[in-house]
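Scroll down for the structure; my scribbles are underneath it.
The values are calculated or read from the model by the stated rules, or taken from the named source; none is laboratory data. None of the values given here were measured: they were computed from a predicted structure. No Cβ is skipped: glycine too gets one built from the backbone with ideal geometry, and neighbour counts run over all protein chains shown. Just the protein is used for accessible areas: all its heavy atoms, side chains included, with ligands, DNA and RNA removed. Shrake-Rupley method; radii C 1.70, N 1.55, O 1.52, S 1.80 Å.
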Amino acid sequence: MPLRFARALVVILATLPFNSPIVSQESKADPAVSGWPATARDDVVETQVEDLLRRMTLEEKIGQLNLVSHGPPLKWNEISEGRIGALLNFNAAGDIARAQALARQSRLGIPPLFGLDVLHGFRTQFPIPLGEAAAFNPERSREAAAWAAREASHIGVQWTFAPMADLSRDIRWGRIVEGFGEDPHLGAVLTAARVEGFRQGGLATAVKHFAGYGAPQGGRDYDASSIPPAELRDLYLPPFRAAFAAGSVSVMAAFTALNGVPVTANSWLLEKVLRDEIGFDGFVTSDWAGIHELLGHGVAATEAEAARKALLAGVDMDMMGELYIQHIPDEVRAGRVPIEAVDEAARRVLRVKFRLGLFDRPDADPAHVDAVFPSAEARAASRAVARETLVLLHNRGDVLPIGPDVRRIAVIGPLADAPRDQLGPHAARAHASDSVTILEGIKWRARSSGIAVSYHAACDRLCSRDDGFAEALEAARQADLVIAVFGEPETLSGEAASRAHLGLNGRQPAILRALAELGKPMALVLVAGRPLILDDLAETIPAILMAWYPGTEGGSAVADVLFGDVTPSGKLPVSWPRSVGQIPIYYNRLPSGRPTLENNRFTLNYIDEAVTPLFPFGYGLGYSRFEYLGSSIADTMLTPSDTLAVTVTLRNAGARPGQEVVQLYIRDPVASRSRPLRELKAFRKVALQAGEQRSVVLSVPVRDLGFHRDDGTYVVEAGAIQLFVGGSSLAEPIGQITITKELQLPPGARQIAGSEPTTTAR
Ligand code: BGC
């Protein structure tokens, strides 16, 4: 499996010595890609594609649909035979150049496309995507993706299997770490920014996993999803539409089933929705062995049938199945697959190759090695992004930032000194030895203030043994401040890491309870790929900082925030549950005919738990205090061609500079279908000095205030829309607007060009 393969590589590479000279940011940009896509040249591209197609044999066309990984079962000679169109997991420029030379020897010399999972960094790791989402800052997302792309394209990688645009409301699902969380608007804005960033840095994207992969039943990876069509279009598709509008040339089909039909064989989704409604003209790749999995799904009896079904459903490229190359030639000859279907798939792949300029690019330069990274600039960028992703959940008694009276700090917990864990899953060519750990970050910063730091892991990474606990407790007793660093080692997060138990694992709760009982000032830094169930610890530990997997410079960024050199400004991109039984829990739920009333069990309630989350979506504290002084709505009578504009006046009433994410939510109180209690429609991150006051305008086209019906019709109904403004999804009501005219668009009327999200946060 790719994950194991990637992990094995990371382990091998982490043991290699290296030297890292500094490479400047400018030298990484690939001019061949930075101007792409060149839409003006589309006619030229189409002619080139058709010319080439006319000269290709059936086998050569199918070769373009074959995506094979480095390592077994790759047969290098198949590259020169024109039987492989794309390659993945090529991690070294020398290998890429070798494959390119072989492809040139093939009859038509068509260049392969080289893909890799570059999610949040190549060598320099940025915070994992869910953490990066907490920055609520598309500029930072763009920057992080651009850096990852610059480093990867330096060694010749051209295409990333990212961004992951799967909305998820279920933190049991380990892959929630790879996405943006639970909100379609935040997801659309950030997915677009990530696609743009990757492009700027020189990588084309395969946005994934189309669609519904983030809603597997029970949060179990690879399980089926059931999503009503209207909900699919309102919640799960907007980030994909945004990715296409931003220029994603390809999309990866989810390997799960959607509403009973595996996506890899789902022509409704891949043809009707993706092509006809959305208007996507790039290509679709399967996920890893996804076509073969049609046998497991029980919709194909043989590999040939699986290949035929996938191709006819609209999957253009076969990732690590080799079923197209083995079976489609015979399927065509037997008349079961029309040659036009093969032509169309090959056309889509070639179109992208021409658009990316692959035919004119120089080969990878074997002298280009990833050991030149991480450069000082990349480290600085990673640190700047990481600082914005940290979410301060509690800060009772102003334990943070660390004050002048603190002279001795006890750092406790295995994840304080876990250089690999802090990088998180899917860390491409990461080297653990590049990491600045949280312990190192604290030590370096403490030294400059003459503060003594002691360190005790207290337990092993998984905290199954706590042999070192007694010493840790003693060190805590001697300290003025305890900084505990616990959470979820990265092996418990990511693909194939769904969890039914989300409490702090092993001995962690017992250790933390004992530390808290000392009654010392104490801060818990959580390193994890998702919210974890805190139980009583949420009440007993005075300060809690969610650090996610903060990346290569994670330790520096965490120290920046702990010591108050930077004020935390992250906000939760997912609701944080009190207990596992509340999952799925999300802020934009539908109203009930029996809204929650305390003390009335016949209303929407649990009898043994609150219905509210522990921390709501959009929530996060800072070291300053923001006052919302007032909001005004420019115009309250609007038609679907108008734009809603809300001016919000904000003051930093604290003593430190800080950043606030101003959030605008709506509710359509009476409609032809139940509409969510809150929907985020715009946000803006604002930096204010202490005492500074500013007005910001949040705007949303009225045409974005509507919703879909199950048949794909999009409607903006006439009537009232309530507005809420604030620093979390608990935002306060500020008034309402009236939409005076209804808009109805048939399926397909909102194709890519007209369907971008409102990126008011830019
Ligand atoms: C994952 C994809 C990934 C692919 C290639 C699969 O297991 O689901 O997200 O891009 O492997 O590594």
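Given a 1.4 angstrom probe, I'd like the percentage of the accessible area of the stretch 268-368 that is carbon and sulfur, rounded to a whole number.
Here carbon and sulfur together make up 50 percent of the probe-accessible area.
For the stretch 402-481, which whole-number percentage of the solvent-accessible area (1.4 Å probe, protein heavy atoms only) is attributable to carbon and sulfur atoms?
53
If packing is taken as the average number of other Cβ atoms within 10 Å across a peptide's residues, how do 76-86, 435-445, 295-305 rank, most packed first?
Highest mean packing first, the order is 435-445, 76-86, 295-305.
So, taking all protein chains as they sit and a 1.4 Å probe, how much accessible area belongs to VAL369, in Å² rounded to tens?
Solvent-accessible area, nearest 10 Å²: 70 Å².
Are there trypsin sites (Lys or Arg not before Pro) in the stretch 450-542 that DSSP marks as loop and that have at most 14 other Cβ atoms within 10 Å, and which are they? Present the calculation step by step, with values, prior to reporting the outcome.
Details: sites: ARG461, ARG465, ARG477, ARG499, ARG507, ARG513; in loops: ARG461, ARG465, ARG499, ARG507.
Those that pass, being in a loop and sparsely packed, are ARG465.
222 nm [θ] for the chain, helices only, -39500 (n - 2.57) per DSSP H run of 4+, per residue, to 500?
Calculated from helices alone, the mean residue ellipticity at 222 nm is -8000 deg cm²/dmol.
Any idea what the dipole of the stretch 687-756 comes to, in debye rounded to 20, about its Cα centre with Lys/Arg Cβ at +1 and Asp/Glu Cβ at -1?
Result for the stretch 687-756 is approximately 140 debye, rounded to the nearest 20.
Write out the GluC sites (Glu not before Pro) in the stretch 569-636 meeting two conditions: DSSP loop, and at most 14 other Cβ atoms within 10 Å of their Cβ.
The qualifying sites are GLU598, GLU609.
Would you pull out the residues with amide H under 5 Å of GLY121's amide H, same chain only if 5 or more places away, H placed 1.01 Å from N?
Excluding prolines and chain starts, which carry no amide H, the hits are PHE126.
Tally Lys/Arg at +1 and Asp/Glu at -1 over every other residue whose Cβ is under 14 Å from the Cβ of GLU303; what's the total?
Every neighbour counted, the sum reads -3.
State the answer as a single residue: which of GLY335, ALA381, TYR324 lies farthest towards the positive end of the charge dipole of the chain, with beta carbon charges of +1 for Lys and Arg and -1 for Asp and Glu, about the Cα centre.
In the chain, that residue is ALA381.
Would you work out which of TRP173, ALA245, GLN200 lies farthest towards the positive end of the dipole of the stretch 115-247, given +1 charges on the beta-carbon of Lys and Arg and -1 on that of Asp and Glu, about the Cα centre?
Looking along the dipole axis, the top candidate is GLN200.
Calculate, for ALA101 and ASP223, the FRET efficiency according to 1/(1 + (r/R0)^6) with r their C-beta to C-beta distance and R0 45 Å; round to the nearest 0.05.
0.55
Could you name the lysines in cross-link range of LYS520, using Cα to Cα under 21 Å and dropping any fewer than eight places away on the same chain?
Reachable lysines: LYS443.
With Cβ to Cβ distances under 13 Å as the rule, what net charge do the other residues near GLY94 carry (K, R +1; D, E -1)?
The answer is -3.
Which loop chymotrypsin sites (Phe, Trp or Tyr not before Pro) in the stretch 594-635, with loop taken from DSSP, have no more than 14 other Cβ atoms within 10 angstrom of their Cβ?
Listed in order of number, the matching sites are PHE602, TYR606.
Work through the residues other than GLU490 whose Cβ is under 9 Å from its Cβ and net out their charges, Lys, Arg +1 and Asp, Glu -1.
Result for the neighbourhood of GLU490: -1.
Of the beta bridges DSSP finds with both residues in the chain, what % are antiparallel, to the nearest 5?
Rounded to the nearest five, the antiparallel share is 55 percent.
So with the 1.4 Å probe, I'd like the accessible area per residue for the chain, rounded to whole Å². Walk me through the intermediate numbers first.
Numbers: 26130 Å² over 762 residues.
Normalised by residue count, the accessible surface of the chain is 34 Å².
Once you've got the Cα coordinates, tell me which of LYS75/LYS208; LYS309/LYS353; LYS208/LYS571; LYS208/LYS272 are over 22 Å apart. Don't skip to the end; give the middle numbers.
Details: LYS75/LYS208 27 Å; LYS309/LYS353 25 Å; LYS208/LYS571 24 Å; LYS208/LYS272 18 Å.
Going by Cα-Cα distance, LYS75/LYS208; LYS309/LYS353; LYS208/LYS571 fall outside the 22 Å limit.
Placing +1 at every Lys and Arg Cβ and -1 at every Asp and Glu Cβ, with all other atoms neutral, what dipole size does the chain have around its Cα centre, in debye to the nearest 20?
720
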